[in-house]
Amino acid sequence: MPCQEFLAQLRDQHDSLIELGASVIAVGGAADYQAQHLQDGGIPFPLLLDPDGDLRAALGIDSKLSKREMMSWTSVKNYVSVMGRRRQGRVSRSHAEDRPALVILDHQLRMVWSHVGKALGDYPTIDEIRAAIPPLKQV
Amino acid sequence: MAMEIIPAGQQIPDLELARPDGSVTNLNADIDQYLVIQVLRYYG
């Protein structure tokens, strides 16, 4: 599934993001068994749960994907491109239309950079993320 | 009306989030200089 494909990209590039001074986490809804399964499968950074959407609300991305966005060419393409490789599990109805996003915060939890998806699997590239992380401050 | 993502520079609260094992952690529990967050849905 598109979110898990991107999670795997973050896993593969985790060391390079650490070298830039970045910690990485993923935060989703209420599927604790799925998060545990992914964690046990080798995701090296924390997979956290936000069943009430507090983080989404704090970031201002608690709007859902619209029907048009869910059925857009990009959503269908991203979904179909990975469905042959992975088996879809159950999706909580309340989280099915959650909008994907990638944000970078500083150590004081101030917004540095964001990408808010407009379709399923709409994430930035790893190169875009690396470019968005400010250079490390010299001590 | 849908909210818009907060602007660069705006701070968010240090939220409590759950780990899959039921324990609780804070958003800033283990930040180096920056924190990259994938906001996802787990089955999608």
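A few remarks follow.
- Options A:Ser75, A:Ser23: the member that is under 19 Å from A:Glu128 (Cβ atoms) and either small (Gly, Ala, Ser) or part of a loop (DSSP other than H, G, I, E, B) (or both): A:Ser23
- Inside region A:22-34, residues that are modelled with pLDDT of 95 or more and small (Gly, Ala, Ser) make up a count of 3.
- Search result, residues across region A:98-128 that are among the aliphatic types (A, V, I, L, M) and either farther than 16 Å from A:Glu5 by Cα or surrounded by fewer than 21 Cβ atoms within 10 Å (Cβ to Cβ) (or both): A:Val103, A:Ile104, A:Leu105, A:Leu109, A:Met111, A:Val112, A:Val116, A:Ile126
- Taken over region A:4-42, the criterion of being closer than 18 Å to B:Gly22 by Cα and more than 7 Å from chain B (Cβ to nearest Cβ) is satisfied by A:Ala30, A:Tyr33, A:His37, A:Leu38, A:Asp40.
- Those residues of region B:12-28 which are under 19 Å from A:Gln36 (Cβ atoms) and surrounded by 15 or more Cβ atoms within 10 Å (Cβ to Cβ), in sequence order: B:Leu17, B:Ala18, B:Arg19, B:Pro20, B:Thr25
- Filter pass, A:Gly21 being over 17 Å from B:Arg41 (Cα atoms) and either touching a residue at least 40 places away in the same chain (Cβ under 8 Å) or in contact with a Phe, Trp or Tyr (Cβ under 8 Å, 6 or more places away or on another chain) (or both): yes
- Of all residues in region A:26-35, those satisfying the criterion of being of a type outside the set (D, E, K, R), surrounded by 15 or more Cβ atoms within 10 Å (Cβ to Cβ) and not in a loop (DSSP other than H, G, I, E, B) are A:Ala26, A:Val27, A:Gly28, A:Gln34, A:Ala35.
The values are calculated or read from the model by the stated rules, or taken from the named source; none is laboratory data. Bear in mind the structure is a predicted one, so any value in this text is a computation, not a measurement. Cβ atoms come from the backbone with ideal geometry, glycine included; neighbour counts cover every protein chain shown.
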